[in-house]
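Heads up: the structure comes next, in structure tokens.
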Amino acid sequence: MRYVYILKSKMNEQIYVGSTKDLKRRLKEHNSGKEISRKRYMPWELIYYEAFGKEIMARIREKKLKHNGNAIRELKKRIGISNWVKSGAGFTLVELIIYFSILSVFILILTDILVSVIDAQLSTQSTSAVAQDGRYIYARITYDINRAQSVSAPANLGDTSNSLVLNISGTTYTYTLNGESLQVTDPTGTYSLTGSDTKLSNLQFKRIGNVNGKHTFQFTFTVTGTIPLPGGRIDSEAFQTTAGLR
């Protein structure tokens, strides 16, 4: 089992996002004072964690929370944290001050270059959001299908559906498209797996295989960026794979 966790400093509400195999041991290490970069924020307290069966899924989730502002904002709303200072992602105040100071000196002579850089950054941001959200959704659905005991929808061989209903350890998990957002309902509630920088379409689940064989499902979806690339182009990527019950 791998955990993605969030710690909060009792000193100044600084936030740290990380992943580990042992929550108790990792919290103890954070509060031991051996990590110089985070020693000044001690003591730390564990305020939230998510459990994953595979390390790769935990790594993807950790990376998304650290480097995707929309993901961390959505999680903040889910767990009811109103004000926090995030650690392990983004820029520090000093870095921002230095950046804007340098920018102010060269702004007049670097206008053309700056426009090109901004276009490149927007392109990278949109492309990154599409790929990142697509990989996370791909991995999350595959993981839940693999650990499900049964699937209620699509129910019969050859059936297709825009919703996926799983039974996992006696609990219902539902994936469905709400407008242009993929929503999942599980024991923790209903929440979106897509960020504000992307939208999802063409979601379809199909039960395939044979009558007496392994229950296998094919699912497809398309992730599209909401930030226009240079020239007005919109980044979009289609995903398709199969996963089966174990």
Pull up the range 30-53, narrow it to residues that are of a type in the set (D, E, K, R) and surrounded by 15 or more Cβ atoms within 10 Å (Cβ to Cβ), then point me to the one that is modelled with the lowest pLDDT.
Arg38
Loosely packed, with under 15 Cβ neighbours inside 10 Å, basic (Lys, Arg), more than 21 Å from Asn68 (Cβ to Cβ) and outside the structural domain of Arg59 (by TED's automatic domain parsing), is that true of Lys214?
yes
So, of the residues in the range 8-29 that are within 16 Å of Arg61 (Cβ to Cβ) and hydroxyl-bearing (Ser, Thr, Tyr), which turns out to be surrounded by the fewest Cβ atoms within 10 Å (Cβ to Cβ)?
Thr20
Mind checking which pairs have a first residue in the range 219-236 that is in the same structural domain as Arg135 (by TED's automatic domain parsing) and surrounded by fewer than 16 Cβ atoms within 10 Å (Cβ to Cβ) and a second that is in a helix (DSSP H, G or I) and of a type in the set (Asp, Glu), Cβ under 9 Å, 6 or more apart or different chains?
Pro230/Asp119; Gly231/Asp119
Any residue in the range 195-204 that is surrounded by 19 or more Cβ atoms within 10 Å (Cβ to Cβ) and either free of Cβ contacts under 8 Å to residues at least 24 places away in the same chain or over 23 Å from the mean Cα position of the chain (by Cα) (or both)?
no
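Table: residues versus (1) assigned to a helix (DSSP H, G or I); (2) among the polar types (S, T, N, Q).
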residue	(1), (2)
Tyr136	yes, no
Gln183	no, yes
Ser196	no, yes
Leu200	no, no
Asn212	no, yes
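The values are calculated or read from the model by the stated rules, or taken from the named source; none is laboratory data. All of these numbers come straight from a predicted model, not from anything done at the bench. Positions of Cβ are backbone-derived with ideal geometry, glycine not excepted, and every protein chain shown enters the neighbour counts.
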